[in-house]
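Below is one structure, written out as structure tokens, with a few remarks after it.
The values are calculated or read from the model by the stated rules, or taken from the named source; none is laboratory data. The model shown is predicted, which means the values in this text are computed figures rather than measured ones. So basically every Cβ, Gly included, is an ideal-geometry build from the backbone, and we count neighbours across all protein chains shown. Side chains are part of the model used for accessible areas, which takes the heavy atoms of the whole protein and leaves out ligands, DNA and RNA. Shrake-Rupley method; radii C 1.70, N 1.55, O 1.52, S 1.80 Å.
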Amino acid sequence: MALTFELDPDFTPALRDGITALWADVTNAGGAVGFVPPVTAEEVRPDLLKHLVAIEQGRTRLLVGRDEDGVVAATAFLTLNEHRLLRHWLWLYTVMVHPRHQGKGYGRDLMAATADAARSIEDIEAIRLTCRGGTGADRFYAACGYKEVGRVPGGIRVAPGDDRDDIVMLLPLGPTAS
């Protein structure tokens, strides 16, 4: 069964708790979403609050994917650029699919829904994201049409002695984008 995606859902306590649990579960399964395992929901909550403030200020849009039971199973945060020279593209953050749903094509579905959401925002021509090297995420995003446009060697310190590349990827949304 496919996920159901919603852009800018009403932010309820249940949604907050669902995203917090998803974030902790993804991290603890080895997902590269801003933390290193082990992590608790309480440790994730302050980062979610930062996203919520940006949503409230109109700088970020939230895309949520729910499974057949209505449980939060995927998210992506689309953050608009405030600088006048960068307003034609947006950043994509905290892209997650719950580990129990991985391997079902839901990640590709999430990325397609994200591109559709970005296309619905006036004047947005591209999506940029960064990913942690050594995780395979860059290969996944490339399979979804993103191109690597930059790399900072050792830009992410996961632990002492464990530095990973910070990879910048871009998806043009114009008529020639695939």
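Among (1) assigned to a strand (DSSP E or B); (2) closer than 21 Å to Asp47 by Cβ, which single condition is Asp163 missing?
The failed condition is (2).
Go through the residues of segment 100-114 one by one and say whether even a single one is closer than 20 Å to Ala24 by Cα and either among the aromatic types (Phe, Trp, Tyr) or in contact with a Ser or Thr (Cβ under 9 Å, 6 or more places away or on another chain) (or both).
Within segment 100-114 (the criterion being closer than 20 Å to Ala24 by Cα and either among the aromatic types (Phe, Trp, Tyr) or in contact with a Ser or Thr (Cβ under 9 Å, 6 or more places away or on another chain) (or both)), the answer is yes, since at least one residue qualifies.
Taking Thr79 and the conditions (1) surrounded by 15 or more Cβ atoms within 10 Å (Cβ to Cβ); (2) among the polar types (S, T, N, Q); (3) at pLDDT below 95, which numbered condition does it fall short on, given that it satisfies the others?
(3)
Across segment 72-110, what is the number of residues that are closer than 14 Å to Ala2 by Cβ and of a type in the set (Val, Ile, Thr)?
Total satisfying the criteria: 1.
Considering only residues that are polar (S, T, N, Q) and surrounded by 14 or more Cβ atoms within 10 Å (Cβ to Cβ), look in segment 5-45 and name the one that is farthest from the chain's Cα centre (by Cα).
Step by step, filter segment 5-45, then rank; the result is Asn28.
Determine which single condition Arg132 fails, assuming it passes every other condition in (1) over 16 Å from the mean Cα position of the chain (by Cα); (2) charged (D, E, K, R); (3) more than 13 Å from Leu171 (Cβ to Cβ).
(1)
In segment 113-135, which residues are open to solvent by 30 Å² or more (accessible area, probe 1.4 Å) and either part of a loop (DSSP other than H, G, I, E, B) or touching a strand residue (DSSP E or B) at 6+ places or on another chain (Cβ under 9 Å) (or both)?
Asp116, Ser120, Glu122, Asp123, Glu125, Arg128, Thr130, Arg132, Gly134, Thr135
On the given criteria, is Val39 out of contact with any strand residue (DSSP E or B) (no Cβ under 6 Å at 6 or more places or on another chain) and not in a helix (DSSP H, G or I)?
Criteria met by Val39.
Quick one: what pairs do we get from segment 55-81, first residue outside any strand (DSSP E or B), second hydroxyl-bearing (Ser, Thr, Tyr), C-beta under 9 Å, 6+ apart or different chains?
As it stands, the answer is Arg59/Thr79; Asp67/Thr4; Asp67/Tyr106; Glu68/Thr4; Gly70/Thr4, since those pairs meet every condition given.
Could you please let me know if Leu85 is open to solvent by 40 Å² or more (accessible area, probe 1.4 Å), among the aliphatic types (A, V, I, L, M) and in a helix (DSSP H, G or I)?
No, not satisfied.
Given the options Asp138, Asp166, Asp162, name the one that is open to solvent by 30 Å² or more (accessible area, probe 1.4 Å), on the phi < 0 side of the Ramachandran plot, free of Cβ contacts under 8 Å to residues at least 12 places away in the same chain and of a type in the set (Asp, Glu).
Residue meeting the stated conditions: Asp162.
Take Val44 and tell me if it is under 28 Å from Asp163 (Cβ atoms), touching a Ser or Thr at 6+ places or on another chain (Cβ under 8 Å) and without any contact (Cβ under 8 Å) to a residue 40 or more places away in the chain.
yes
Scan segment 1-29 and report the pairs whose first residue is modelled with pLDDT under 95 and whose second residue is assigned to a strand (DSSP E or B), with Cβ atoms within less than 8 Å and a gap of 6+ or a chain change.
Going by the 8 Å Cβ cut-off, the qualifying pairs are Phe11/Leu62.
Is it the case, given these coordinates, that Leu52 is more than 26 Å from Phe140 (Cα to Cα), open to solvent by less than 20 Å² (accessible area, probe 1.4 Å) and at pLDDT 95 or above?
Taking the combined requirement at face value, the residue does not satisfy it.
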